[in-house]
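Values in this text are rule-based calculations from the coordinates and carry no lab data. The shown structure was predicted, so the numbers you read here are calculated from the model rather than taken from an experiment. Quick reminder, even Gly has a Cβ in these numbers, built from the backbone with ideal geometry, and neighbours come from all protein chains shown.
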Amino acid sequence: MPAGYVQLDAIDLALAALLILINGALSLTFHLGLERTLLIATVRMVVQLALIGLVLTFIFAQTSPLWTLALALVMIGFAGREVLARQTRRFRGWLAYGLGTGTLLLVGMLSVIYGVGLVIGPEPWTSPRFILPVLGMILGNTLTGISLGLETLTTTAVRERAGIEAQIALGANRAEALSGTVRQALKTGMMPIINAMAASGIVALPGMMTGQIIAGVDPLDATQYQILIMFLIAGATALGTFLAVLGGARLLTDERHRLRLDRLQKTGS
């Protein structure tokens, strides 16, 4: 253990869990009906984190690129599922899952290869201790950008259907007709990471930096790693949102430049 590191036990976690009662009390007081959702989310969070802790302990001990790749693919698969779950209107069939997951796979792998393999450069660069945490942070933020971008794209296309089809009828191609919708979707998808970058350091200490400081790492070293991660997340979010939104805009139209809202379905339908 690093010098000054304080290890937590079950009692410490139980004391921290008492704070969740505040959420429950607010829900009961104002009749929000969130008690069941809160309980499920709390249990799910604890179980998931405990399981991933055990899995990471095993994989770190193996130091096998194959085990690292396997867990990375599982993480990407679940991230794609989260993108799908956050859509009010999503594409029908395999397109709904494939668009988000395929984008996350490409962006996640490129970011890890660039950030870990080229910039950080550990020996070996395939070390799971570097790849998996970096990939997790990139996926967690990029899926937010992608889901917001696609949500804005589809909801705006439905709302502005008459205007988009009018432009097409007047001779605009599908790219021109959807240009305003695409710009709004890209802006919405990129806004969270821009806000996070603007607030980092003054309003908030980001999670990776805080964790390293608590673990005993020099604050300046922790700051450098956090800056690197924020740059990686920003680049991955921008690229991921761009690819997903343009792919979604392509799927919303066909080769005859017609708006194809019939390819969408409401969640649960």
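Data table
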read-out	value
Length-normalised contact order for the chain - Cα pairs under 8 Å, 6+ apart - percent	24 percent
Listed residues Leu132, Leu228, Leu28, most fluctuating in the chain (Gaussian network, C-alpha, under 10 Å)	Leu28
Kyte-Doolittle mean at least 1.0, axial Cα span of 27 Å or more - DSSP H helices of the chain	35-62, 65-85, 219-251
Equivalent-ellipsoid semi-axes of region 161-266, from the Cα gyration tensor, Å, largest first	42, 12, 10
Pair Thr37, Thr210: separation of 7 Å Cα→Cβ label points (nm)	2.3 nm
Dipole magnitude (debye, nearest 20) for region 110-269, charges at Cβ of Lys, Arg, Asp, Glu	600 debye
Loop trypsin sites (Lys or Arg not before Pro), region 136-212, which have at most 16 other Cβ atoms in a 10 Å radius of their Cβ (DSSP)	none
Scattering curve values for the chain, log₁₀ I(q)/I(0), Debye with Cα scatterers, q = 0.14 Å⁻¹	-1.13
Computed [θ] at 222 nm, deg cm²/dmol, the chain (DSSP H ≥ 4; -39,500 (n - 2.57); rounded to nearest 500)	-24000 deg cm²/dmol
Mean separation of Cα contacts under 8 Å (6+ apart) over length of region 59-111, as relative contact order %	36 percent
Qualifying trypsin sites (Lys or Arg not before Pro) in region 20-100, DSSP loop, other Cβ atoms within 10 Å at most 15	Arg92
Sequence of His257, His31 once ranked by neighbouring C-beta atoms within 10 Å, starting from the fewest	His31, His257
Computed FRET value (nearest 0.05) for Asp12 with Glu123, which takes r as the C-beta separation and R₀ as 41 Å	0.70
